[in-house]
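The values are calculated or read from the model by the stated rules, or taken from the named source; none is laboratory data. Note that the coordinates shown come from a computational prediction; the quantities given were computed from them, not determined experimentally. So basically every Cβ, Gly included, is an ideal-geometry build from the backbone, and we count neighbours across all protein chains shown.
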Amino acid sequence: MLKRGILLIIGTLIINLSTQGQSSKLITLKNYISSLQNAEGMLNSSYGFCLMNEAGEVIVQHDMNRSLSTASTMKVITTATALAILGEGYRYKTYLEYDGKIQNGVLLGNVYIRGTGDPTTGSDRFGVENSMESTLATWAEALKKVGIFKIEGKIIGDATFFSSQTIPDNWVWADIGNYYGTGASGLCLNENMYKIHLKTGKREGDPVSLLYWDESMKNLSFINELTTGKPGSGDNSFIFGAPYTTLRYIRGTLPPGHDNFVIKGSVPDPEEFAAEMFCDKLAELGIHTTNGTGSMLKLQFDGKISSPERNIFYTHLSPALKEIVYWTNQKSINLFAECLLSTIALVKTGIASTKKGAEEVWKFWEEKGIPTEGMFLQDGSGLSPNNAATPYQMTAILHKSRKEPWYPILLASLPIAGKTGTLSSMAKDTPAEGKIQAKSGYMTRVRTYAGYVTTLSGKKYAFTIFTNNYNDSASAMKKRIEGLFVKLAELD
């Protein structure tokens, strides 16, 4: 009994010594982090946390060297690397070209849309002048300026600047038919997205009616297996279908009582889609194409096209990279991140691919002094469940980024708690509102955040929290993270 009492006294002394000189707010944060392991739904989970000050010192950590799924916080690594390697002013180019010859306003040949990986073409996030409608109209005017008013040939989409494998090897089947599952393509338009309009039933279990889908996707066919879910259940629908194929299955549930519920799908063949959209715009303006549209990939595969000399008659420029980075992180756009990763590979190796891009990103940060053991990079967006990094690695990358000239651009791209982007609903009306700038990540049983905090007293820290395999609702996990945000903002 005496021995046990002595051990308790020694243990108390050790705890007192370990916390001596630490502020009560820091101790509160440490206790909060430790308490998560005993929270309901966290018993079987893995989670890691790392907080680093401006000097690069770890102030608080929990299991910070454990490799965990990153989800979309992977975009922080991708966009930071893109800023470093490509430069904030980098712009993609999309070329309009023709072969053959022009006679009396008639092109005896084909028109080509040759992309170089620009994911923003026709995206209205960058202003009405960059919308699909405005972009196609501008391209049509460019055609007229070179004296083409009829095309005795095809409109051909050319995405061969990138690999034909648009989807990374280990993306999940349930993701790739949906808008957020659009992979990197050498030619993109309207973020390679189309819409499906549906009418849900009145009661749980009622069938869901497929009303119509975008006319641009006239080649698609659907098998609709959707049913109506519970009130307030949200969008739990999934579109199943592989790249370059035209049959799509729609499964899952949608909430009751909606006369026009819209879900978004990924365009299966971006080359063909861009060509068809341009062909339709030209027809609308009275410029007719006799042989319809084509995809360079399919034409080459079928041996139906040689490599004739082409003439560039218009060059479309993307927004600057700093603007692309902004939207990539603000709205967590997977397509943007994947195209950035392939572009990094192209610039560094001459070959645009997900695998080579991931290798170059890994190499870049290793050369910056980041320990890379346990860092597994499978894509640029974080959609692959096989991505992993440690909280220390992510936080160290955030810390290293502070010293780079492009850091203000990266920081400005990160959503602000309670105000912007994917954090607009987080920590509203709390001391953390406006004090946290971070990238969020969500997957099934995964919730992650990585970014920066400016405390109420003005101190600045980089932080990361990864939670994997929690057995609780997403809303419950969100509340726990909001509690963490408050503790971070209140640090002395």
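Going by the structure shown, is residue 332 of a type outside the set (Val, Ile, Thr), outside any helix (DSSP H, G or I) and modelled with pLDDT of 95 or more? Criteria met by residue 332. Tell me yes or no: at least one residue of the range 415-432 is within 30 Å of residue 364 (Cα to Cα), over 21 Å from the mean Cα position of the chain (by Cα), surrounded by fewer than 19 Cβ atoms within 10 Å (Cβ to Cβ) and of a type in the set (Asp, Glu). Taking every residue of the range 415-432 in turn, none turns out to be within 30 Å of residue 364 (Cα to Cα), over 21 Å from the mean Cα position of the chain (by Cα), surrounded by fewer than 19 Cβ atoms within 10 Å (Cβ to Cβ) and of a type in the set (Asp, Glu).
Just checking, how many residues over the range 272-326 are loosely packed, with under 14 Cβ neighbours inside 10 Å and among the basic types (Lys, Arg)? Break it down stepwise before answering.
Of the residues in the range 272-326, the ones loosely packed, with under 14 Cβ neighbours inside 10 Å are 283-284, 286, 288, 290-292, 301-304, 306-309, 312, 315, 317.
Restricting the remaining residues to those that are among the basic types (Lys, Arg) gives 304.
Number satisfying all stated conditions: 1.
May I ask you to say which residue of 353, 332, 266, 342 is out of contact with any Cys (no Cβ under 8 Å at 6 or more places or on another chain), among the hydroxyl-bearing types (Ser, Thr, Tyr), crowded, with 16+ Cβ neighbours inside 10 Å and closer than 30 Å to residue 207 by Cβ? Unique residue meeting the criteria: 266.
For the range 270-284, residues that are over 17 Å from residue 94 (Cα atoms) and either among the aliphatic types (A, V, I, L, M) or in contact (Cβ under 8 Å) with a residue 12 or more places away in the chain (or both) total 4.
Reported count of residues in the range 423-440, each being among the small types (Gly, Ala, Ser) and farther than 15 Å from residue 484 by Cβ, is 3. Comparison of 64, 74 shows that the only residue that is of a type in the set (A, V, I, L, M, F, W, C), assigned to a helix (DSSP H, G or I) and assigned by TED's automatic domain parsing to the domain that holds residue 342 is 74.
Kindly indicate whether residue 266 is more than 23 Å from residue 150 (Cβ to Cβ), touching a helix residue (DSSP H, G or I) at 6+ places or on another chain (Cβ under 6 Å) and of a type in the set (S, T, N, Q).
So residue 266 passes the test.
Inspect all residues belonging to the range 110-122 and state whether any of them is over 21 Å from residue 267 (Cα atoms) and either in contact with a strand residue (DSSP E or B) (Cβ under 9 Å, 6 or more places away or on another chain) or not in a strand (DSSP E or B) (or both). Within the range 110-122 (the criterion being over 21 Å from residue 267 (Cα atoms) and either in contact with a strand residue (DSSP E or B) (Cβ under 9 Å, 6 or more places away or on another chain) or not in a strand (DSSP E or B) (or both)), the answer is yes, since at least one residue qualifies. State whether the residues of the range 236-250 include one that is farther than 30 Å from residue 159 by Cα and without any contact (Cβ under 8 Å) to a residue 24 or more places away in the chain. Yes, that holds for at least one residue. In the range 100-123, the residues that are farther than 30 Å from residue 336 by Cβ reach residues that are of a type in the set (Phe, Trp, Tyr) with C-beta atoms within less than 8 angstrom, at least six apart or across chains, in these pairs: 105/149; 106/149; 107/98; 109/98.
Is it fair to say residue 171 is of a type outside the set (S, T, N, Q) and closer than 16 Å to residue 337 by Cα?
In short, yes.
Being closer than 24 Å to residue 127 by Cα and either crowded, with 20+ Cβ neighbours inside 10 Å or at pLDDT 95 or above (or both) is true of residue 192. Can you tell me which residue in the range 291-311 is nearest to the chain's Cα centre (by Cα), limited to those that are part of a strand (DSSP E or B) and either on the phi > 0 side of the Ramachandran plot or among the hydroxyl-bearing types (Ser, Thr, Tyr) (or both)? Selected residue: 295.
The condition (being modelled with pLDDT under 95 and not assigned by TED's automatic domain parsing to the domain that holds residue 355) is satisfied by just one residue among 218, 145: 218. Does residue 286 qualify as being small (Gly, Ala, Ser), over 25 Å from the mean Cα position of the chain (by Cα) and within 30 Å of residue 102 (Cβ to Cβ)? Considered against the rule, which asks whether it is small (Gly, Ala, Ser), over 25 Å from the mean Cα position of the chain (by Cα) and within 30 Å of residue 102 (Cβ to Cβ), residue 286 comes out as yes. Scanning the range 30-61 for residues that are part of a loop (DSSP other than H, G, I, E, B) and at pLDDT 95 or above, which turns out surrounded by the fewest Cβ atoms within 10 Å (Cβ to Cβ)? The selected residue is 55. Of the residues making up the range 366-420, those that are among the charged types (D, E, K, R) and assigned to a helix (DSSP H, G or I) are 366, 367, 400.
Scanning the range 124-156 for residues that are hydrophobic (A, V, I, L, M, F, W, C) and without any contact (Cβ under 8 Å) to a residue 60 or more places away in the chain gives a single hit, 128. In the range 373-405, the residue that is farthest from residue 69 (Cα to Cα) out of those that are surrounded by fewer than 19 Cβ atoms within 10 Å (Cβ to Cβ) and over 17 Å from the mean Cα position of the chain (by Cα) is 405.
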